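Data first, discussion second: the structure below is written as structure tokens.
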Amino acid sequence: MIRQLSIFNYALIDRVELNLSEGLTILTGETGAGKSVMMGAISLLMGERADSKVLANREGKAVIEGVFDSVASSMKEILEANDLDWNDGQIIVRREISANGRSRAFINDTPVTLPLLTEVAGGLVDIHSQHSNRLLSKPEYQLSIIDSIADNAELLADYKNDFSRFVVLRNKIKKLRDAMEKSRENRELRAFQLEQLTKINPKKGELEEVEKDYDILSDADDLRSRINQAAYLLSSGDTCALSMIGDAGASIDGIDFSLFEISGDNIQPGLMERLRNVYIELKDIGDTLTRIASGIESDPIRLAKADVRLKDLYEAIKRFKVQDYDALVDLYSSLKDECGGGDEKTGELNALEAEARKLGETLKEKAERISVTREAAARRFEETLTSDARPLGLKNLRFSVNLSKGKLTPDGKDSVEFLCAFNKNQPLMPLAQTASGGEMARLTLCIKAITANKLKLPTVIFDEIDTGVSGDIADRMGSMMADIAAGMQVFAITHLPQVAVKGKSHLLVYKHDEGDRTVSHVKALDNEQRIREIARMLSGKQINEAALSNAKALLEG
């Protein structure tokens with residue numbers, strides 16, 4: 001419940017500090033006094049977006065703080081999961097809005113995000129206004145009502161846990177199938193590439209050999225002629241190099257060259273030996289050239305084959321987008337290894353699919369159990385709501401809960417639709433299509449009365465939910481709010497004295513001018529002040545003795 005509420009520098013409010021109690025607390029005040037300002041401040045604690053326009057004094061910041069105690073132990077798990085302190089069931093929520101529009105949120109003095117604030121505050125306060133009536137028309141909200149009546153919390157939690165696992169499994173299966181399909185497509189591509197490379201059958205070092213053969217065969221005649229010419233000049237004929245070296249040796253044979261000096265140095269001995277070495281080297285070169293020339297043959301067929309092979313290998317390097325011929329050979333080798341293996345993921349997929357089938361059957365069984373409880377709860381709800389709502393001026397109300405089954409969802413397999421008719425000659429129709437604002441408000445109050453304790457909300461705020469009713473119906477609605485407040489903290493903003501007298505405590509929102517400003521205040525009323533406020537609600541600003549007596553009688557009643 002909200003134990004303390006502080007509002008500072010917000011809209012028409014300079015400062016308000018309230019100590020609040022359990023039971024039904026009434027908030028009243030003239031139109032425009034600032035009740036909506038109060039609700040706006042509380043909505044900020046619930047995670048609503050902030051606007052710097054709400055600052056009363058733009059030199060400072062707006063601060064709204066709520067102290068909640070007797071918080072449900074289920075909130076502890078949320079706080080600890082987000083590294084927030086759990087102060088023995090007390091939670092302090094604060095919002096700060098600066099003049100530049102920046103908003104900050106705190107839980108137990110720790111900065112938090114708005115989504116987290118909304119999640120936490122949603123378990124602390126339930127605000128219901130006229131605008132919230134449209135919630136009742138939403139199928140998901142209608143289903144939550146049936147589940148609360150059916151006490152399905154544990155069944156749903158167990159089902160949702162399995163459904164989450166099922167979704168994870170389905171996602172795994174999909175990803176694995178996609179990967180296997182992609183792998184299959186890759187294998188097909190690889191197999192095609194292997195087929196093409198197998199036709200080419202590249203071998204290590206082959207390109208270099210083919211290039212060499214091509215170079216020789218393409219110039220065979222010229223190469224052979226030139227090499228033979230060189231061999232002839234070196235070692236064949238009377239005027240070849242070897243013949244002349246032999247003649248030179250014969251000419252100087254027997255000369256003592258030690259007798260001669262050139263440039264001051266003795267001529268090195270062994271000139272004949274050097275000539276003999278040159279002769280041997282040139283002869284060897286000539287023999288080598290002759291052997292080479294004898295091995296060169298013109299072969300147009302071999303040349304054509306080499307030409308075709310070179311083109312095939314060059315084209316393969318380009319087609320398979322590899323860096324060089326060695327990379328092409330490596331690709332060929334790797335493709336043979338890859339395409340030789342099987343698909344090892346098939347076993348994993350089969351196991352996942354089997355697990356998903358088993359879990360799917362479990363989900364169907366659990367969803368069916370939930371459906372049974374919902375069916376029973378729906379019939380009880382129809383009877384209870386009709387019984388509670390008819391005394392609120394809806395004497396001809398007929399109400400039905402239509403449950404239909406479909407595919408599995410996170411909430412089971414049921415979809416729900418509330419059908420009602422408010423007149424005898426009217427067929428049952430969806431709630432949103434037939435209920436007026438006042439009828440919707442009364443139905444909502446009845447539903448809150450039925451579900452409040454089951455939803456285990458510590459605080460409920462009714463913001464003028466009684467709009468459009470009066471007299472005995474207003475009295476009955478006030479009694480219903482008081483009954484709800486027997487088990488939780490309830491706030492009711494109202495303009496009806498019949499509702500206002502039902503409260504355990506009473507807050508008055510009022511405003512007055514202070515210099516060049518209009519300021520709103522909130523004060524707790526004692527019994528005498530409360531009598532006067534009820535009298536004002538009965539008669540307006542001119543409060544007479546009759547109004548005071550009537551107000552006192554209403555309060556005593």
Cα-only radius of gyration and Dmax that characterise region 1-135, units Å: 14.9, 44
D_trans [Stokes-Einstein, Kirkwood Rh over alpha-carbon pairs] for region 120-261, 20 °C, 1.002 mPa s, µm² s⁻¹: 78
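At 0.36 nm per residue, minus the direct Cα-Cα distance, what do SER236 and LYS204 gain on full extension? Give it in nm, one decimal, please.
Full extension of this stretch gives 7.3 nm more.
Give me the 1.4 Å probe accessible area per residue for region 1-109, excluding ligands and nucleic acids, in Å².
Numbers: 5130 Å² over 109 residues.
Counting only protein heavy atoms, the per-residue value for region 1-109 is 47 Å².
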Space enclosed by the convex hull of the alpha-carbon atoms of region 425-557, per residue, Å³: 166
For the chain, size of Cβ-based charge dipole, Lys and Arg +1, Asp and Glu -1, in debye: 4060
Unit charges at the beta carbon, dipole of the chain: most positive-side option, ALA474, ILE461, HIS506: ALA474
Candidate lysines for bridging to LYS364, where Cα separation is under 19 Å - those fewer than 8 sequence places away on the same chain excluded: LYS160, LYS405, LYS407, LYS413
Residue-by-residue Karplus 3J(HN,Hα) for region 47-59, coefficients 6.51, -1.76, 1.60, Hz, glycine and proline x: x, 5, 5, 9, 9, 5, 5, 7, 5, 6, 10, 6, 7
Bins of 20 Å from zero: percent of alpha-carbon pairs in the chain: 14, 28, 17, 11, 10, 10, 8, 2, 0
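Can you tell me how region 300-382 classifies by the Cα gyration tensor, rounded, prolate or oblate, using a/c under 1.5 as the rounded cut? Before the final figure, lay out the partial values.
Working: a/c = 7.52, a/b = 4.79, b/c = 1.57.
Prolate is the answer for region 300-382, as a/c is 1.5 or above and a/b outweighs b/c.
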Filter on LYS424/LYS448; LYS175/LYS318; LYS172/LYS336; LYS523/LYS552; LYS35/LYS138; LYS502/LYS552 - keep pairs with C-alpha separation over 24 Å: LYS424/LYS448; LYS175/LYS318; LYS172/LYS336; LYS35/LYS138
Cross-link reach list, lysines versus LYS212, counting only Cα pairs under 19 Å and skipping chain neighbours closer than eight places: LYS203, LYS204, LYS305, LYS311
Pairwise FRET efficiency - ASP221 versus GLN323, Cβ, R0 = 45 Å, nearest 0.05: 0.80
For region 163-197 versus region 510-557, the gap between their alpha-carbon centres in whole angstrom: 75
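Please work out whether region 338-485 counts as rounded, prolate or oblate from its C-alpha gyration tensor, where a ≥ b ≥ c are the square roots of the eigenvalues and a/c under 1.5 means rounded, while otherwise a/b larger than b/c means prolate and anything else oblate?
Working: a/c = 3.52, a/b = 2.72, b/c = 1.30.
It comes out prolate by the Cα gyration axes.
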Distance from region 73-126 to region 281-336 (C-alpha centre basis), Å: 78
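For region 279-325, what is the Kirkwood estimate of the hydrodynamic radius, computed as the reciprocal of the mean inverse distance between distinct Cα atoms, to one decimal in Å? Intermediate results must be reported in sequence, preceding the final value.
Working: mean 1/r = 0.0721 Å⁻¹.
13.9 Å is the Kirkwood radius here.
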Average projection area in nm² (convex hull over Cα atoms of region 475-533, one quarter of hull surface): 4.7
Column: log10 I(q)/I(0), Debye, Cα scatterers of region 417-503, q = 0.10, 0.26 Å⁻¹: -0.27, -1.25
Separation of alpha-carbon centers, region 353-410 and region 454-502, rounded to whole Å: 28
Inter-label distance for GLU365 and ASP287, nm, one decimal - labels placed 7 Å from Cα along Cα-to-Cβ: 9.7
Difference of contour (0.36 nm per residue) and Cα-Cα distance, LYS504 to LEU349: 49.4 nm
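What per residue convex hull volume, in Å³, comes out for region 210-336 when only alpha-carbon positions are used?
Details: hull volume 25.6 nm³, N = 127.
It is 202 Å³ per residue.
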Cα-projected label distance for ASN527 with GLU556, points at 7 Å along beta-carbon direction, nm: 1.1
Virtual spin-label span in nm between ARG302 and SER333, 7 Å along Cα→Cβ: 2.9
Bins of 5 Å, starting at 0 and running to the largest distance - Cα pair percent for region 436-479: 5, 21, 32, 24, 12, 6, 0
Computed E for GLU545/LYS395 - FRET, C-beta separation, R0 30 angstrom, nearest 0.05: 0.25
Amide N proximity, region 31-73 versus THR518 label position 7 Å along Cα-to-Cβ, cut-off under 16 Å: 31-38, 56
GLU181/ASP312 FRET efficiency (R0 45 Å; Cβ-Cβ; nearest 0.05): 0.85
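What is the gain in length, in nm to one decimal, between LYS160 and ASN87 on full extension, counting 0.36 nm per residue of separation less the C-alpha to C-alpha distance?
23.3 nm
The values are calculated or read from the model by the stated rules, or taken from the named source; none is laboratory data. Every value quoted in this text rests on a predicted model; they were computed, and no experiment measured them. All Cβ positions, glycine included, derive from the backbone under ideal geometry; neighbour counts span all protein chains shown. Side chains are part of the model used for accessible areas, which takes the heavy atoms of the whole protein and leaves out ligands, DNA and RNA. Shrake-Rupley method; radii C 1.70, N 1.55, O 1.52, S 1.80 Å.
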